[in-house]
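Laboratory data are not the source of any read-out in this text; all were calculated from the coordinates shown. Model, not experiment: these values are computed from the prediction. Glycine gets a Cβ as well: all are built from the backbone with ideal geometry, and neighbour counts include every protein chain shown.
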Amino acid sequence: MAEETATAAVLVRKEPDREVLEEAFQVKVDAETRIEPKDWMPDAYRKNLIRQMSQHAHSEVVGMLPEGNWLTRAPSLKRKAILMAKIQDEGGHGLYLYSAAETLGITRDQMYDQLLDGSAKYSSIFNYPTLNWADIGAIGWLVDGAAITNQIALCRCSYGPYARAMVKICKEESFHQRQGYDIMMVMAEGTAEQRRMAQDALNRWWWPALMMFGPHDAESAHTSQSMKWKIKRSSNDELRQKFIDATVPQAEYLGLTIPDDQLAWNAAEGKYDWGEIDWDEFRNVVNGNGLCNRERLETRRKAHEGGQWVREAALAYAEKRQQRAASAPEKKEI
Amino acid sequence: MNRPETDPHFEYLLRLGDSSLILGQRLAEWCGKAPILEEELALMNIGLDLIGQARLLLSHAGQVEGRGRDEDRLAFFRDVQEWRNLLLVEQENGDFAKTMARQFLFDTFQGLQYRELAASADSTLAEIAVKSLKEAEYHQRHSRNWMLRMGDGTEESHTRLQKALDELWGYVPELFEMDEVDQAMIAAGIGIDTNALRAEWDSRVREVLSEATLTVPDVGWAVSGSRKGQHTEHLGYLLAEMQFLPRAYPDARW
Ligand SMILES: [Fe+2]
Ligand SMILES: [Fe+2]
């Protein structure tokens, strides 16, 4: 009882402090001052960022898999080299984001365990299969394209390490997008079979790409608080519209048809009108019922578990070396 | 039975390019499977270097041949018996120990090879060798480090790595074989005497194995034949996968 009272007293004394801190924090955010790792921040802000940044890192790492699916079957050596470099970039983005998230007081191992045990999410787009070579083009063009649209906004995120990571990553993503579009272009101008593959890829990736921006603003659980904290700088719907407006002319240039019969230019509003996302499908895939959900996680799990002995060996060797280094100078002194 | 006349210069470049390409393709198979993310990126990076070398070497080979075959024609439209890569590099990845052992044996060889080829009378080949030597040296540092970590790591890693070396050792003598193509290229100042590199390779490899507490295998078998198009069965599957698209749609450009 006595203890409880004491704790309560502490809490009561601390309460005004936290309010003051939170107010000062919001003033900083409103003034566009970057929040840095050692600055005070509300717990919920920290948690929200850890969730978002680790999810982003996981997406990079899982995203290597659908593209890796065509690495050994790329149709020319040049394409193989480009794809290999792209996959390497994505892994690099993952590493970079994990270490940015670590500034918030979580370790990469903890985050990775959350991915492997299914408690952390990654972008649901990577649960779709890559069935023909044009899918690699469509991923670069649409998936990296959608990612850039999101990430350009994140370059102005209030959390310094995240914002800086985004600036660096965006440069590489726009490179990926151009390379993906180039694959589509060559195929769209190619043989009848290649055009069919390109159209098929667009048919399968268009809607999932739009889903990457998340639920409509009205239904988005995290949007308003994230906007207030300037973790998010534009809403899901704004970004999605921006992506559509930029991408439709690119599809037209390829001579491909976007699989949306309600798609039409709205001259009055200067934007495209478009149909509706199948949110049942979205939820279904998020909840584990995409064609590749199990494969993606299983691949990463198998690699991790199968590599346990390698990591142990590296650790054991490092320890042995350290011991030898520690004992060597002593011997010299004698 | 006589093989059709082939230009030894073309044949020589093919051997170099094919080994780089097949090993690069093997490393690509590691995507999504490596024991740690940093290592996955390293394997992609090394594979990318090797594929880059292959592109230069095969393009050059195609030009020397003068029959209009470019790097992709050579990579995607030759069947098993037209391939000239070393048997060592077509061996399956196995576990990480086997992949790294294969890599270490090859990297050490390739570094020496490029060092000598940097003085080739074929100036294009010499340029490729100079550029690739830096890559091969970096690859060798990487695979050497893993030999030490695994050899002198845990009991399990030591056992796995020793087993991998034992399984691969019989493919080593082929690295240093010489035939009439090599002799013709040495005479022309284009090629090198790989036999003369054996002692240096041996001492480098033995030094690392000993530091890694590994035993130099004594396996009592050795196979070769890649120069005559005789390969292990693994190569056919690798090619089936790699060549599928261009073969399925031969009219397409990608
Ligand atoms: Fe990325
Ligand atoms: Fe990307």
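Brief remarks follow.
- Both numbers refer to the Cα atoms of region B:8-248; Rg and Dmax are 17.2, 54 Å.
- Inter-site label distance for B:Glu127 and B:His234 at 7 Å from Cα along Cβ, in nm: 3.4 nm
- Under 13 Å from B:Lys131, Cα to Cα: aspartates and glutamates that are on another chain or at least 8 residues apart: B:Asp49, B:Glu116
- Working from label points 7 Å from Cα in the Cα-to-Cβ sense, the B:Phe77 to A:Lys171 distance is 4.0 nm.
- With respect to chain B, whose longest principal axis is taken over its alpha-carbon atoms, helix B:155-168 is tilted by about 30°.
- Cα long-axis angle, helix A:293-306 against chain A (0 to 90 degrees, to the nearest 10): 50 degrees
- Helix A:308-333 and the long axis of chain A differ in direction by around 40°, with both axes built from C-alpha atoms.
- For the segment B:203-216, counting C-beta atoms of other chains within 10 Å of every residue's C-beta and taking the mean gives 0.
- Spin-label model distance (nm) - A:Asp278 vs B:Asp202, 7 Å beyond Cα toward Cβ: 6.7 nm
- Neighbour counting of Cβ atoms within 10 Å sorts the residues B:Thr232, B:Thr99, B:Thr213, fewest neighbours leading, into B:Thr213, B:Thr232, B:Thr99.
- Here the 3J(HN,Hα) profile of region B:234-247, calculated from phi with Karplus coefficients 6.51, -1.76 and 1.60 at θ = phi - 60°, is 5, 4, x, 5, 4, 5, 4, 6, 5, 8, 3, 5, x, 6 Hz, Gly and Pro shown as x.
- Chain A - Rg and Dmax from Cα coordinates, angstrom: 23.7, 88
- Cβ-placed point charges (K, R +1; D, E -1), dipole of the protein assembly as shown about Cα centre in debye, nearest 20: 720 debye
- FRET efficiency for A:Ala192 and A:Asn289, using Cβ-Cβ distance with R0 set to 30 Å, rounded to 0.05: 0.30
- Segment A:Thr33-A:Lys320, length gained on full extension (0.36 nm per residue, minus Cα span): 98.7 nm
- Taking the centroid of alpha carbons for each part, region B:143-204 and region A:100-161 are 41 Å apart.
- Volume in Å³ per residue [convex hull over Cα atoms, computed for the protein assembly as shown]: 219 Å³
- Within region B:92-123, backbone nitrogen closer than 18 Å to the virtual label 7 Å beyond the Cα of B:Asp166 toward Cβ: B:94-102
- Working note: 222 nm ellipticity from helices only, DSSP H runs with n ≥ 4, each -39,500 (n - 2.57), summed and divided by the residues of chain A, gives -23000 deg cm²/dmol to the nearest 500.
- Likely footprinting exposure, A:Phe282, A:Phe243, fewest C-beta neighbours within 10 Å first: A:Phe282, A:Phe243
- Its relative contact order, with pairs defined as Cα atoms under 8 Å and 6+ residues apart, puts region B:8-248 at 25 percent.
- Inter-chain shielding of A:110-118 (mean C-beta neighbours from other protein chains, 10 Å cut-off): 0
- Cross-link partners for A:Lys228 among the lysines, with Cα-Cα distance under 16 Å and sequence neighbours closer than 8 places in the same chain left out: A:Lys28, A:Lys47.
- With neighbours defined as other Cβ atoms within 10 Å of a residue's Cβ, the residues B:Trp30, A:Trp141, B:Trp201, B:Trp146 order from fewest to most as B:Trp201, B:Trp30, B:Trp146, A:Trp141.
- The helix-based estimate of mean residue ellipticity at 222 nm for chain B, built from -39,500 (n - 2.57) per DSSP H run of four or more residues and divided by its residue count, is -21000 deg cm²/dmol to the nearest 500.
- Pairs from the list A:Lys320/B:Lys163; A:Lys171/B:Lys98; A:Lys78/B:Lys134; A:Lys232/A:Lys302; A:Lys320/B:Lys98; A:Lys80/A:Lys168 with a Cα-Cα gap above 26 Å: A:Lys171/B:Lys98; A:Lys232/A:Lys302.
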